[in-house]
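Inspection log for the structure reproduced underneath, given as structure tokens.
The values are calculated or read from the model by the stated rules, or taken from the named source; none is laboratory data. Please read these numbers as outputs of a predicted model, since none were measured by experiment. Heads up, the Cβs are rebuilt from the backbone with ideal geometry, glycines too, and the neighbour counts pull from every protein chain shown.
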Amino acid sequence: MKKKTVFVCKECQHQESKWLGRCPQCGTWNAFEEGVPASDAKTPSLAVGAPRPTSGGKSIPLSALEVKEDWRLDAGIGEVNQVLGGGIVRGASVLIGGEPGIGKSTLLLQMAAKVKTPGRILYVSGEESAAQIKMRADRLGLARQGLEILVETHVPVITGVFERLKPVVIVIDSIQTLYNPDAGDVPGTVNQLRYGCHEILSWAKEHEAAVFLIAHMTKGGQIAGPKLIEHMVDTVLHFEQAAGEVRILRAAKNRFGSVDEVGLFTMDEKGLNEVTNPEALFLIRRDGELPPGIAVAPIFEGSRALLVEIQALTVPAKGGLSRISSDRIDASRVSRVAAVLEKHTGLRFSDQDVYVNVAGGMKINDPGAELPLALALYSARTGTPLPPGVASAGELSLAGEVRPTTHLRRRVKAAADLGYPKTIVPEKGGVSRIQDAIKAVWGK
């Protein structure tokens, strides 16, 4: 007998008996994918992806629980440890997404070969053959005892291998290839992703195994699949590409550490290499004075200070309609800083097209970058470059005040260590308004 099918909205899980262009519940367009109704299971205990009873019906007093000393494993890669908050937590689940070809599989294969544990590591591939993985491992110079490769997509077979090997660390490459015959006929659907991930995560939690799930990305830059998966896992990582061969590993969610940490890598024929001097990675060294529109900013990402170069350009607007182009700093922030300059310094930006960039491709959300952004805009608009050896950090209010930001002393020290002895900051004895900052830089 042919299986009944339904169409499930991948955003809100609303079900319809036929495909619809727009979900009547959440209003999302083109969100329906084919699946099977949960009611097809004869009993709740036989439903695909049904939760397993692991508590035995007994609660445990919080005071009676003990955390093992080895509850974190060394990933063998310092930048991965940095982003995860100090290492791989036993029983934790990590979802990592990134653009095609950016190096997700390479990063996790390197980690699987270097993680510090006497137990077994299982790399499950649904996209590459075992020979292809071996060729990549040989090219990267990777080899270790206890690393097993499984080329499989059927979830029941995968969990059966889990039971036999009892791995300590599991890598699934990728979740879009997972397939369970009882969750529909097509891999990659909402039901397949939801049930497949639930089966794997349930086993990992029960056996205290850390699991890494590789996910595809949508055209909009989001992790493909139902949002429910991001709620199910403990950590969500985004693997991004900056300028050139620089890769940035960034945490969007982390139950066991900070979400502000970033890991920095460079990519070459030997794989992903950790950046040994991240402070100067995004700086451009020049001979002579800086061109107008350039300002150096010591920003904070997690627990480290990085120096970046903010670049600004202003040109007369054509047709009387100005615009702001900024990819690496939020365009609304650039518009606000330009409005503060126009109000408190008399410079006019409303008739200018404004272009802002960050050298090296680093995306900046740090409020401390607002003062250097203002100085870069002022320099571009007036055509006067900043003096050499000057950096700045501070938050800018709508009243034109320069307000303190976090870790000012560490920012000043990081700038001084890299050849910027003068850092304009809003601390005691420093600047308090944007006019004061401009005077401190240009003396006028």
### Message
Checking the condition within 24 Å of the chain's Cα centre (by Cα), free of Cβ contacts under 8 Å to residues at least 60 places away in the same chain and part of a helix (DSSP H, G or I), which residue from 193, 201 passes?
### Response
193
### Message
Of the conditions (1) more than 16 Å from residue 369 (Cα to Cα); (2) surrounded by fewer than 22 Cβ atoms within 10 Å (Cβ to Cβ), residue 301 satisfies every one except a single condition; which number is it?
### Response
(1)
### Of all residues in region 375-408 being more than 27 Å from the chain's Cα centre (by Cα) and in a helix (DSSP H, G or I), the one that is surrounded by the most Cβ atoms within 10 Å (Cβ to Cβ)
375
### Task
Among what's in region 234-285 and is of a type in the set (Lys, Arg) and farther than 22 Å from residue 359 by Cα, pick the residue that is surrounded by the most Cβ atoms within 10 Å (Cβ to Cβ).
253
### Message
If I ask for residues that are more than 10 Å from the chain's Cα centre (by Cα) and hydrophobic (A, V, I, L, M, F, W, C), which ones from region 235-282 would you list?
### Response
242, 243, 246, 256, 264, 265, 267, 272, 275, 280, 281, 282
## Note on the structure
Of the residues in region 133-150, those that are among the acidic types (Asp, Glu) and touching a strand residue (DSSP E or B) at 6+ places or on another chain (Cβ under 8 Å) number 1
### residue 150 vs. criteria among the hydrophobic types (A, V, I, L, M, F, W, C), part of a strand (DSSP E or B), at pLDDT 95 or above and over 22 Å from residue 241 (Cα atoms)
yes
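To keep it simple, each residue is scored yes or no on (1) buried (at least 23 other Cβ atoms within 10 Å of the Cβ); (2) within 15 Å of the chain's Cα centre (by Cα); (3) outside the structural domain of residue 263 (by TED's automatic domain parsing).
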| residue | (1), (2), (3) |
| --- | --- |
| 79 | no, yes, no |
| 86 | no, no, no |
| 109 | yes, no, no |
| 117 | no, no, no |
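Taking the residues in region 411-427 that are outside any loop (DSSP other than H, G, I, E, B) and not charged (D, E, K, R) as candidates, determine which candidate is surrounded by the fewest Cβ atoms within 10 Å (Cβ to Cβ). Walk me through it before giving the result.
Within region 411-427, the first condition is being outside any loop (DSSP other than H, G, I, E, B), and the residues that meet it are 411-417, 422-424.
From what is left, the residues that are not charged (D, E, K, R) are 412, 414-416, 423-424.
Values: 412: 22, 414: 23, 415: 25, 416: 15, 423: 24, 424: 23.
Step by step, filter region 411-427, then rank; the result is 416.
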### Message
I'd like to check something: does region 191-199 contain any residue that is crowded, with 17+ Cβ neighbours inside 10 Å, farther than 29 Å from residue 272 by Cα, touching a Ser or Thr at 6+ places or on another chain (Cβ under 9 Å) and among the charged types (D, E, K, R)?
### Response
yes
### Failed item in (1) in contact with a Leu (Cβ under 9 Å, 6 or more places away or on another chain); (2) closer than 24 Å to residue 303 by Cβ, with residue 341 passing the rest
(2)
### Task
Kindly check whether there is at least one residue in region 388-395 that is out of contact with any strand residue (DSSP E or B) (no Cβ under 9 Å at 6 or more places or on another chain), farther than 21 Å from residue 278 by Cβ and of a type in the set (Gly, Ala, Ser).
no
### Summary
Restricted to region 338-374 and to residues being more than 20 Å from residue 425 (Cα to Cα) and polar (S, T, N, Q), the residue surrounded by the fewest Cβ atoms within 10 Å (Cβ to Cβ) is 350
### Query
Do we find a residue being more than 28 Å from residue 272 (Cα to Cα), assigned to a loop (DSSP other than H, G, I, E, B) and at pLDDT below 95 anywhere in region 133-146?
no
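Is there a residue in region 156-170 that is touching a Pro at 6+ places or on another chain (Cβ under 9 Å) and at pLDDT 95 or above?
Yes, some residue in region 156-170 is touching a Pro at 6+ places or on another chain (Cβ under 9 Å) and at pLDDT 95 or above.
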### Message
When you check residue 229 against the structure, is it under 22 Å from residue 14 (Cα atoms) and of a type in the set (Val, Ile, Thr), yes or no?
### Response
yes
### Message
Of the residues 269, 289, 240, 279, only one is within 26 Å of residue 197 (Cα to Cα), in contact (Cβ under 8 Å) with a residue 24 or more places away in the chain and not hydroxyl-bearing (Ser, Thr, Tyr); which?
### Response
240
### Task
Could you list all residues from region 156-190 that are part of a strand (DSSP E or B) and farther than 23 Å from residue 119 by Cα?
179
